[in-house]
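The values are calculated or read from the model by the stated rules, or taken from the named source; none is laboratory data. As the structure is a prediction and not an experimental result, all values here were calculated from the model. Methodologically, a virtual Cβ is constructed for each residue, glycine included, from the backbone with ideal geometry; neighbour enumeration extends over all protein chains shown.
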Amino acid sequence: MHIERYDQDGRTIYTLQGRFDAHQVPMLKSSLELGSNTVLDMAGVNFVDSSGLALLVNLYKRAREEGRTLTIRNLQDPVRLILEITGLLGILPIEA
Amino acid sequence: MHLALVTTYPPSQGTLVEYGAHLARVFVAKPEIERLTVLADCLPKEMAAPPDPPNVRRVWTFGSPLNSLRLARTIQQLRPDGVIYNLQFASFGGSAVPAALGLLAPGMTRALGIPTITLLHNLFETIDLRQAGYAQSPFKEQVLRAGGRLFTRLLLQSHLVATTMPTYVEILRREYGAKNVFLAPHGAFEDPGPPPPLPEAKRVLAFGKFGTYKRLETLLEAHQLLLKRDPAVELVVAGTNSPNAPGYLEGLRAVYGDIPGVIYTGYVPEEEVAKVFSEAYVVAFPYTATTGSSGVLHQAGQYARPAVMPRIGDLAELVEAEGYRAEFFSPGDAKGLAEALWRLFSDREYAQQIGLANYRASVGVLLEDVADWYLLHFERLRRKYAH
């Protein structure tokens, strides 16, 4: 998985590319730092497994507890489908 | 939040007891949970047991037709903020009537106006009822299937139903038009730390509650074949009779009792589970059918043990979908099972690779992470039904 980080309009944006699975999650965990307003741009992510979803839930909970904003955006259809089947599509902060 | 968890609970020997105990452990550790009440199954009178923790109330009895009423009455008194049921279709009884009547409980909880989630570990549609020992004739199977559909519909009266397999979500949506179903991973019970190395001893472990769809005849025959190759091979049968198959293990020992190298441990208390898995070289799944996502597979993964499985139903699907690996054999084929086990015994590096793949798949999602999913679903339900 490839990750890039840049700042734009006061937001910290991470663009993720590749598979978001059990083998990549440890690397992602160590790379992602929550700013006051963080965006995960998942346009380049074509696969998420349950460990990837667990990381998204974990980041969302942490952001809420610390009073930060987290937004997830640009979901590919297979990723949207797994979020829908897990019921997380209506729970996680996903930008339309 | 005051959460009530309806489950079997140790030292009960009912199904899903380990899962229920770990669910209780992870929920109670969550800062959102101010109070957790476990509504557990009553223990048999003859069972000597230490006192339960103060938050455990034993209010229902396996096999009783009154369980849903007892649960509804207790829940009405407690008025928790949410109730989660840890269930499979035979959780409340070994025969159709008490099993089915018990499954009314989630719908009754919802009717009390309390947010209710049912974690359903299996579906009637995916179970070979005859192989699993629940129906002995085609007629009884038809009757059970019809009853199963009815009671699946009743279970769907929960506000939400969680399943651990994507195919179960699809079936419930397609066959029942359910819109309140979601997928929640099984989750590893705990972070096991670094994977333990494989032992030197060639020891096969079969773990679980035996006698319905977990049957040991083929495995014992495979063990006899393995003994011809290496007399030091051991087989550990760890567990008890299924509540639906009393006397099975005793009958088995009467027939196969003279085979050397077979150890029957009986009930394995929670604190002994790690030792039992760590001392095993491989975990065998002597299943004739499956009834859902396998907790034993997740445990094998936690301890980095390779698995040997039959090519049946959703077991193979689970292996592939969740990143697990296994050696496979045809159900009922003792020679094939012996060959699958020997492939692992004869190639230690290969066995380690499979064990490590299972370890990575198992620890990818911990049950404590999965508990967060449930809490987010409860939060949403509570917002939705607050007014």
Just checking, which of B:VAL365, B:VAL308 is crowded, with 22+ Cβ neighbours inside 10 Å and either under 28 Å from B:VAL28 (Cα atoms) or in contact with a Lys or Arg (Cβ under 7 Å, 6 or more places away or on another chain) (or both)?
B:VAL365
Go through segment A:39-65 and give me each residue that's surrounded by fewer than 20 Cβ atoms within 10 Å (Cβ to Cβ), out of contact with any Ser or Thr (no Cβ under 9 Å at 6 or more places or on another chain) and more than 13 Å from chain B (Cβ to nearest Cβ).
A:ASN46
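Within segment B:44-58, is even one residue closer than 15 Å to B:GLN88 by Cα, among the aliphatic types (A, V, I, L, M) and without any contact (Cβ under 8 Å) to a residue 12 or more places away in the chain?
Among the residues of segment B:44-58, not one is closer than 15 Å to B:GLN88 by Cα, among the aliphatic types (A, V, I, L, M) and without any contact (Cβ under 8 Å) to a residue 12 or more places away in the chain, which makes the answer no.
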Quick check: is even one residue across segment B:173-189 in a helix (DSSP H, G or I) and crowded, with 23+ Cβ neighbours inside 10 Å?
no
Out of everything in segment A:22-38 that is more than 14 Å from chain B (Cβ to nearest Cβ) and polar (S, T, N, Q), what residue ends up being nearest to B:ARG360 (Cα to Cα)?
A:SER30
Within segment A:72-89, the count of residues that are part of a loop (DSSP other than H, G, I, E, B) and at negative phi comes to 5
Restricting to segment A:50-71, what's the tally of residues that are without any contact (Cβ under 8 Å) to a residue 12 or more places away in the chain and outside any helix (DSSP H, G or I)?
1
Taking the options B:LEU104, B:LEU123, name whichever one is touching a helix residue (DSSP H, G or I) at 6+ places or on another chain (Cβ under 6 Å) and closer than 17 Å to B:TYR213 by Cα.
B:LEU123
Quick one: B:ARG380 ticks every box in (1) without any contact (Cβ under 8 Å) to a residue 24 or more places away in the chain; (2) more than 14 Å from chain A (Cβ to nearest Cβ); (3) among the basic types (Lys, Arg) bar one, so which box is it?
(2)
All strands (runs of 3 or more DSSP E) inside segment B:20-131 with 2 or more residues being at pLDDT 95 or above, outside the structural domain of B:THR164 (by TED's automatic domain parsing) and surrounded by fewer than 17 Cβ atoms within 10 Å (Cβ to Cβ):
none
Number of the exception - B:ARG173 against (1) within 29 Å of B:ALA351 (Cα to Cα); (2) within 14 Å of chain A (Cβ to nearest Cβ):
(1)
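How many residues, within segment A:14-63, are hydroxyl-bearing (Ser, Thr, Tyr) and under 15 Å from B:VAL363 (Cβ atoms)?
Selection size over segment A:14-63: 2.
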Is it the case that some residue within segment B:61-74 is aromatic (Phe, Trp, Tyr) and more than 21 Å from the chain's Cα centre (by Cα)?
no
Of the candidates A:GLN76, A:GLN17, the one satisfying the condition of being more than 14 Å from chain B (Cβ to nearest Cβ), more than 26 Å from B:PHE182 (Cα to Cα) and surrounded by fewer than 16 Cβ atoms within 10 Å (Cβ to Cβ) is A:GLN17
